[in-house]
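Here is the structure we will look at, set down as structure tokens.
The values are calculated or read from the model by the stated rules, or taken from the named source; none is laboratory data. Because the structure is a prediction, the values reported are computed rather than measured. Here the Cβ positions follow ideal geometry from the backbone for every residue, glycine too, while neighbour counts run over all protein chains shown. Ligands, DNA and RNA are stripped out before the accessible areas are found, and what is left, the full protein with its side chains, is counted by its heavy atoms. Shrake-Rupley method; radii C 1.70, N 1.55, O 1.52, S 1.80 Å.
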Amino acid sequence: ENSAIISSKDEKKSISLIKTAEGRINFLRDHKIKEENANYIFEGLYTSVLEILHSIVTRDGYKVSNHICLGYYLRDKIKKEELFRIFDELRYKRNSIMYYGKEMDFETAKYAIEKSEMLIKELTEIYK
């Protein structure tokens, strides 16, 4: 099964994904990061990272079917090795929450939020 295939460029979908990510990010920034909500804020920011990445690949004329391949696109096509490493670390943390029920402690969650915010900023620049 191909997890990254060449597709038609879809500017409308790309713009829609960016708008959705921006809306979620703005909503999350309205909330003070506390111990009881830090994991949820991280998950929301990670979802926005995914939307921005999907927006980039859609605009570039690709269709990617999983998070790992989104990371490889970032590393191999966009040539951003450092951003790939950060994304992969965040992907691992999100999967630990999502698939194994392992909540992050507060300090780790704050670190993941900080890295997510930085990644969002960098990906937004790439999108432009």
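Quick rundown of the values:
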quantity	calculated
Residues (loosely packed, with under 12 Cβ neighbours inside 10 Å and in contact (Cβ under 8 Å) with a residue 40 or more places away in the chain) located in the stretch 22-48	Glu35
Test set (1) open to solvent by 40 Å² or more (accessible area, probe 1.4 Å); (2) under 23 Å from Ser7 (Cα atoms); (3) assigned to a helix (DSSP H, G or I) - Tyr99 fails condition number	(2)
Residues within the stretch 94-125 that are in contact with a Ser or Thr (Cβ under 8 Å, 6 or more places away or on another chain) and at pLDDT below 95, tallied	2
Residues of the stretch 56-70 classified as more than 21 Å from Lys128 (Cβ to Cβ) and open to solvent by less than 30 Å² (accessible area, probe 1.4 Å), total	1
Within the stretch 102-128, tally of residues that are open to solvent by 30 Å² or more (accessible area, probe 1.4 Å) and either in a helix (DSSP H, G or I) or free of Cβ contacts under 8 Å to residues at least 60 places away in the same chain (or both)	18
Number of positions in the stretch 71-94 that are over 20 Å from Ile113 (Cβ atoms), open to solvent by 50 Å² or more (accessible area, probe 1.4 Å) and part of a helix (DSSP H, G or I)	5
